[in-house]
Amino acid sequence: MHSASDLRMLKYKKGWDSQGQVMENAKLHRVLIVDDEENVLKALKRTFMEDGYRVDTYTSPFDALGFIEKERVSAIISDFKMPGMDGLEFLLKTREMLPECVRVILTGHANLDTAIKAINSGAVYGYLTKPWDNDEIRIFLRNALKNYELERENRKLANLLDMRNKELEEANKNLETRVKEQTRFITNQFNKLKATFMETVKAFSRTVELRDPDLGAHMGRVAFLSRSIAVAMRLDGQTMQDTVVAAWLHDIGKIGLPDVVLAKDEKKLKDEEKGLLREHPALGELCLKDIPGFEGVSTIVRHHHERYNGSGYPDSLYEDHIPLGSRIINVADTFDRMLYSMGYGHPELVDKAWSYIKGFSGKLFDPDVVKALGDVEDLWRRSIKTLDIARKVGIDRLEPGFILAEDVKTKSGLLLLPKGVRLNDFHIMRIKNFHRAKAIKGWLLVLKQAGK
């Protein structure tokens with residue numbers, strides 16, 4: 001039978017820790033002991049070697065420093081009082097050389113205050129007093145080395161984390177570079193797509209101009225007014241784009257209408273002709289709706305003749321049921337047609353058209369859109385004053401001073417008058433003679449400079 005003391009000693013000899021578990025990694029640790037007394041060194045070495053540690057001893061702190069320069073140790077136990085260099089000074093030097101190792105000072109009761117101050121300053125892990133108890137000193141070192149292992153593992157984890165953070169930072173930089181490259185690529189593709197989109201709009205616009213130059217010019221002016229209104233109303237980017245593009249193309253459905261319908265004033269159309277004219281918004285939608293990117297545009301085109309009070313066509317929509325872009329184009333389209341029919345640039349006629357729009361605000365027209373048109377009044381008044389407006393004028397309505405906006409040719413291709421000629425009485429008489437002979441069409445495209 002073993003006494004309790006014998007069992008405790010047996011645990012230590014087998015390398016057990018204070019919880020009764022074998023300390024299997026004891027051989028991994030090297031312990032350095034420095035003391036100027038040989039008998040102290042021998043006693044401590046014997047005690048720690050029984051637990052499986054590798055132990056090195058020195059009586060001189062200077063020799064011990066030389067050893068540390070070449071070898072790594074897990075723990076250093078140093079006597080406090082030694083000739084030439086005390087233990088605290090020695091341990092401070094070892095902290096510079098091996099900052100991670102466990103440093104323990106061996107002291108008598110007389111130097112206990114100094115040892116405690118050293119612990120509080122972080123210079124040493126702890127202290128042992130002379131004389132010592134072997135059981136306690138074993139437990140002390142074992143716990144100290146466990147702390148050493150934990151700190152070393154923490155440092156490894158910290159280093160690993162730091163390395164991973166650097167790798168992540170580098171990966172983020174690479175990702176940022178790739179994102180920038182991809183963004184540039186997408187931006188370039190978007191710009192190409194946008195350019196293609198606008199080229200499609202221009203192609204449609206040119207098609208309308210070829211069919212009816214006057215109609216093409218009207219659509220351009222409506223686009224200018226619509227954009228000005230949209231800016232004043234601070235529309236979002238997509239709504240503004242759809243509105244302006246729809247304004248450029250709002251009358252595209254008219255390219256399928258007969259010349260006789262296009263040439264007449266809407267008020268003079270017969271009922272059957274009015275029915276044909278009222279089909280053009282739906283025809284315009286039909287032209288555009290299946291083109292990618294024109295979904296919103298086609299809807300605006302369909303409803304640009306709806307009236308705020310529901311009296312418009314083709315669907316008799318009213319108020320906010322009408323797309324905002326359609327409400328904007330409706331005001332711009334009506335305003336431009338009134339100016340065109342009365343003559344651009346005459347202040348009293350411009351005022352009359354503007355009064356008409358304001359007078360039907362909240363009835364035929366969206367009041368918010370009318371207000372926005374008023375907000376940009378200076379802009380469109382300046383624009384009107386500087387425009388040379390190409391207009392279709394019937395042969396019987398030609399006047400001296402009109403400037404030809406196109407070549408006048410017979411149906412057989414004979415050039416009568418070139419583009420740019422300012423008409424006089426002789427020119428007009430000659431044109432009328434050819435018209436009576438049915439050699440030329442019944443109208444000409446002329447410029448009548450604004451304000452004249």
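Overview of results
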item	result
Any hit, region 379-389, residues being in a loop (DSSP other than H, G, I, E, B), of a type outside the set (G, A, S) and at pLDDT below 95	yes
Verdict on I139 being part of a helix (DSSP H, G or I) and under 60 Å from the mean Cα position of the chain (by Cα)	no
Hits in region 359-372 (condition: in a helix (DSSP H, G or I) and within 41 Å of the chain's Cα centre (by Cα))	P367, D368, V369, V370, K371, A372
Hits in region 248-284 - residues which are in contact with an Asp or Glu (Cβ under 8 Å, 6 or more places away or on another chain) and small (G, A, S)	G253, G284
Meets criteria (of a type in the set (A, V, I, L, M, F, W, C), at pLDDT 95 or above and surrounded by fewer than 19 Cβ atoms within 10 Å (Cβ to Cβ)) for F365	no
Residue within region 15-30 that is surrounded by fewer than 22 Cβ atoms within 10 Å (Cβ to Cβ), at pLDDT 90 or above and not hydroxyl-bearing (S, T, Y) present	yes
Hey, Y318 in contact with a Gly (Cβ under 6 Å, 6 or more places away or on another chain) and more than 18 Å from G253 (Cα to Cα) or not	yes
Pair list, Cβ < 8 Å and 6+ apart or interchain, from region 139-165 residues that are touching a residue at least 40 places away in the same chain (Cβ under 8 Å) to residues that are surrounded by 10 or more Cβ atoms within 10 Å (Cβ to Cβ) and part of a helix (DSSP H, G or I)	L141/F48
Residue list for region 229-258, restricted to those being surrounded by fewer than 21 Cβ atoms within 10 Å (Cβ to Cβ), touching a residue at least 40 places away in the same chain (Cβ under 8 Å) and in a helix (DSSP H, G or I)	V231, A232, Q238, T239, I255
Subset of region 387-426 [crowded, with 16+ Cβ neighbours inside 10 Å and free of Cβ contacts under 8 Å to residues at least 24 places away in the same chain]	L417
E306, sole failed condition from (1) surrounded by fewer than 18 Cβ atoms within 10 Å (Cβ to Cβ); (2) modelled with pLDDT of 90 or more	(1)
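The values are calculated or read from the model by the stated rules, or taken from the named source; none is laboratory data. Predicted, not measured: the structure shown is a model, and the values here were computed from it. FYI the Cβ positions are ideal-geometry reconstructions off the backbone, even for glycines, and counts take in every protein chain you see.
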